[in-house]
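Read through the structure below, which is laid out as C-alpha cells, and then see the notes.
The values are calculated or read from the model by the stated rules, or taken from the named source; none is laboratory data. Keep in mind it's a predicted model, so treat the numbers as computed, not measured. Every residue, glycine among them, receives a Cβ derived from its backbone with ideal geometry; neighbour counts consider all protein chains shown. Ligands, DNA and RNA are stripped out before the accessible areas are found, and what is left, the full protein with its side chains, is counted by its heavy atoms. Shrake-Rupley method; radii C 1.70, N 1.55, O 1.52, S 1.80 Å.
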Amino acid sequence: MTDAVFRNFIDGRFDEPFATFDSVDPSTGAAWARMPAASEADVDRAIEAAHRALRSGPWRTMTATARGKLLVKLGDLVAANAGRLAELETRDTGKIIRETRAQIAYVGDYYRYYAGLADKHEGAHVPVDKSDLDVTIRREPIGVVAAVVPWNSQLFLSAVKLGPALAAGCTIVLKASEDGPAPLLAFAELVQEAGFPPGVVNILTGFGHDCGRRLTSHPLVSRVAFTGGPSTARDIVRNTAENLAYTTLELGGKSPVVVFADADLDSAANAVVAGIFAATGQSCVAGSRLLVERSVKDEFLARLKRKAEAIRIGDPQDPTTEMGPLATLRQRDWIEKVVAESLASDGTLITGGTRPAGSGFYYAPTIIDAGGSDLPCVREELFGPVLSVLAFDTEAQALALANDTPFGLASGVFTSNLGKAHRMARDIHAGVVWVNTYRAVSPLVPFGGYGQSGLGREGGLEAIRDYTRSKSVWINTSDEPIPDPFVMR
Ligand SMILES: NC(=O)C1=CN([C@@H]2O[C@H](COP(=O)(O)OP(=O)(O)OC[C@H]3O[C@@H](n4cnc5c(N)ncnc54)[C@H](O)[C@@H]3O)[C@@H](O)[C@H]2O)C=CC1
Ligand SMILES: CN(C=O)/C=C(\CC(=O)O)C(=O)O
C-alpha cells in the first residue's frame, strides 16, 4: 500500500486524479506514492488555461517589474522549502539528500536571477534609413510554453525553463517525468502560494506517448523546451511538426575528461569522481570518458580505484551517504547490459561491475579500462556510475579522442599548462569546458550542447531571448500623403 497521493496543478487548482500510477522508492524498490497520470484531455485543459492566461486576465497586463517580484517570491519560497522538496526528490528518485538539499536551495537563485532580468530585457529603436518612418522593435512573450523534463535534477531543470519563460511574460505547462515526479508536483504548491494568476503555470505528470506527445504537438503551444534523451528528442521534433513550435533540446552526452601528466593528479582524481560518481552518474554532464596521458595512467587509475572503492553507498536520505541507487530498474538493466558487452569485448574491469547486496536499484562505482578499443561503454551514454578509460600520448591525440563522439555537451581539462588549457578549451567540440574543475553551474552562465547533445542554451542572459519574439512597429511620422503606392517603400 502506498501512503501518499499527488495531484496535477491545472488552472490554479489541484485536480483529484482520475487515473494514477505507483511511484517507486529506488532505495527499496517498493511503491511509496500514487501519481496522477494526466490524460490528453487533462493536457488540453492545461494548455487552454495557459492560453487564456496569456491572452486575457491579470498576467497579460502585468508589468515586467511585477512579474519579477512574483519570481523573487517564488525563488524565496523554493529556498525556504528546500529541505522538504529535497526529501521528496530523494525519496522519489534516489538522489542523495546531501545534493538535493544544496541543489534545491540554489534553485532559488535561478528564479531570483530571472526575476532581475524581467524588466531589463529591452526592445530597440532602429535608426531606419527612411526619414519619415520611425521603427521600434518590441520583444513580446513567445506564447504558451510546453516544458518537458526528465527525472534527474527536476527542480533545477524546470527553473532554467520556468525562470526565463515567466520573466518574458509567457505562460507554461510543465510535464514532470513519470519517473519520480513528486518534487515538481509539490513545487506547484509554491507556485500557488507565490500568487501567480491561475493558468500561468500548470504542472502535471503522465506518460510520454500520450501526455507528452499531446503537450508538444498541441496547436496552441508556440514553444517547446525539452530536456531528456536523444531518442525522445527525435519524437519531440516529430511532434512539433504539428504546431511548428520553436524548440530547444537539452540532451545527453559522453563527456570527455582529459587529464594531462602535468595536472595536479589528486585534484583531478576528485574531479573525475565528481564527474562520474556524483548523482550515481545520472547527470547529463557525467564525465564518462576519462582520457589520461599514458605516462601517468597507472598511477592515476590506482588513485581513482582507491577513491571509487571508498565511496559510501547507501540510504540516500542519510546525509553521510555519497552514492545512492539508480533511479529505475530499467536504468540498472541497461547499465548491466552495456558493461557486460564491454567486458565480453576488450574491456578490463578495474573496479565495480556488480550490484551491492540488498534491495533497491544500486550499482557499484565502476571503472573499465577500454584499452584502445571502441567498446559500447565508450560509445553509449549509460547515465550511471561507469567510467571508461582511454590513454593518449600527445595533445593532438587527446583532442582527437575528446572529439571522437557525436555528442558535445560538457568536457573537462586538467593541466597546469595555461597555453594547453586555452588550446583545449578552444578546440573541444562541446558547450561547456571546465578547466581544472568539473560540474560547476550558475544561473549566470549559458548551458547547452553541440551535435547530438542538443539545440539552444539554458541559463544566462541569452536564454530569455528564446522565450520572446520580436515585433517591428513602423510608424509614419509624416503629414504628407503616402507616395507611389505601386512601389515598395
Ligand atoms: N542536457 C541535459 O540538461 C540533460 C539531459 N538528460 C538526458 O535525459 C536522459 C535520461 O532521462 P529520461 O527520463 O530517461 O529521458 P526521456 O527522454 O526518456 O524522458 C524525458 C521526458 O520526456 C517525456 N517523453 C517521453 N516520450 C515522449 C514523447 N514521445 N513526447 C513527449 N514527451 C515524451 C518523458 O515522459 C519525460 O518527461 C538521458 O539521456 C540524459 O542525458 C537528462 C538530464 C539533463
Ligand atoms: C544540467 N546540468 C548543468 O547545467 C547538470 C546537471 C543536471 C542534470 O544532469 O540534469 C547535473 O549534473 O545534475
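Relative to the longest principal axis of the Cα atoms of the chain, the long axis of helix 64-80 makes an angle of roughly 30 degrees. Along the range 177-188 the Karplus relation, 6.51 cos²θ - 1.76 cosθ + 1.60 evaluated at θ = phi - 60°, assigns HN-Hα couplings of 5, 5, 8, x, x, 3, x, 6, 5, 6, 4, 4 Hz to successive residues, with x for each Gly and Pro. Past the 20 angstrom mark, what percentage of all C-alpha to C-alpha distances in the range 98-211 do you count? For the range 98-211, the share of Cα pairs beyond 20 Å comes to 49 percent.
How much mean residue ellipticity at 222 nm does the chain get from its helices, if each DSSP H run of length 4 or more adds -39500 (n - 2.57) and you divide by all residues, to the nearest 500 deg cm²/dmol? Computed ellipticity for the chain at 222 nm equals -11500 deg cm²/dmol.
Residue-wise HN-Hα couplings along the range 10-18, as the Karplus relation 6.51 cos²θ - 1.76 cosθ + 1.60 with θ = phi - 60° gives them from phi, are 10, 6, x, 10, 8, 7, 5, x, 8 Hz; Gly and Pro carry x. As a ratio to 2.2 N^0.38 Å, the alpha-carbon radius of gyration computed for the range 293-369 takes the value 1.21. How high is the relative contact order of the range 176-238, in percent, with contacts defined as C-alpha pairs under 8 Å that are six or more residues apart? Relative contact order of the range 176-238: 30 percent.
Projection of the Cα convex hull of the range 252-382, averaged over all directions and equal to a quarter of that hull's surface, yields 7.7 nm². For the range 1-149, the fraction of C-alpha pairs more than 17 angstrom apart is 75%. Extension gain, T477 to A80: 0.36 nm times the residue separation minus the Cα-Cα distance gives 137.7 nm. Amide H to amide H distances under 5 Å link L409 with K254, G431, Y450, where only residues 5 or more positions off or on other chains count and H is placed in the peptide plane. The angle between the Cα long axis of helix 329-344 and the main principal axis of the chain comes to about 50°, on a 0 to 90 degree scale.
Percent of Cα pairs in the range 361-451 per distance bin of 10 Å, from zero to the largest separation: 14, 43, 36, 7, 0.
Angle of helix 97-117 to the longest C-alpha principal axis of the chain, folded into 0 to 90 degrees and rounded to 10: 30°. Accessible surface area normalised per residue over the range 336-393 is 37 Å², counting heavy atoms of protein chains with a 1.4 Å rolling probe.
Alpha-carbon geometry of the chain: the Rg and the Dmax are 24.3, 86 Å, given in that order. Taking max minus min of the alpha-carbon positions on each principal axis, the range 133-264 gives extents of 60, 48, 33 Å, largest first. Checking the Cα-Cα distances for K73/K95; K254/K337; K73/K471; K69/K175; K69/K161 against a 22 Å cut-off, the pairs over it are K73/K95; K73/K471; K69/K175.
The string of couplings for the range 288-293 from the Karplus curve (6.51, -1.76, 1.60, θ = phi - 60°) is 8, 10, 8, 10, 10, 5 Hz, one whole number per residue in order, with x for Gly and Pro.
For the range 237-328, the set of trypsin sites (Lys or Arg not before Pro) satisfying both a DSSP loop assignment and a count of at most 15 other C-beta atoms within 10 Å is given as R312. With each label modelled as a point 7 angstrom along the Cα→C-beta vector, the A4-A124 pair spans 4.8 nm. With a ≥ b ≥ c the root eigenvalues of the C-alpha gyration tensor of the range 312-357, is it rounded (a/c under 1.5), prolate (a/b larger than b/c) or oblate? Judged from the Cα gyration tensor, the range 312-357 comes out oblate (a/c at least 1.5, b/c at or above a/b). Site pair D44 and K305 shows an inter-label distance of 6.2 nm when each label is modelled 7 Å from Cα along Cα→Cβ. Taking the simple approach of a point 7 Å from Cα along Cα-to-Cβ for both A64 and E341, what is their distance in nm? With each label placed 7 Å out from Cα toward Cβ, I get 4.9 nm. In whole Å, what is the distance between the alpha-carbon centres of the range 301-350 and the range 387-440? Result: 23 Å between the Cα centres.
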